[in-house]
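The structure under discussion appears below in the form of structure tokens.
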């Protein structure tokens, strides 16, 4: 389906939405679009961390991996319970 036909179908569906639900629909569409715009520009920034684990020693990684779901945040941060 081409872009103009799809846009027409989307607009037809929007026209069928009750007026009392339009604000919710607008919020959804707006935040969806912002999410798309925001995620597309971050790829180069995120990719700078690709492979950052390569130079970590096995010993350090093993110590890091010991932190699991049973470890309290306070013990990780060295805070008293």
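Just so you know, in segment 67-81 the residues that are loosely packed, with under 10 Cβ neighbours inside 10 Å and assigned to a loop (DSSP other than H, G, I, E, B) include one that is modelled with the lowest pLDDT, and it is 81. At least 3 residues being out of contact with any strand residue (DSSP E or B) (no Cβ under 7 Å at 6 or more places or on another chain), at pLDDT 90 or above and surrounded by 10 or more Cβ atoms within 10 Å (Cβ to Cβ) is the threshold, and among the helices (runs of 4 or more DSSP H) wholly inside segment 14-66 those reaching it are 22-40.
The values are calculated or read from the model by the stated rules, or taken from the named source; none is laboratory data. The structure presented is a predicted model; accordingly, all values stated were derived computationally and were not measured. Positions of Cβ are backbone-derived with ideal geometry, glycine not excepted, and every protein chain shown enters the neighbour counts.
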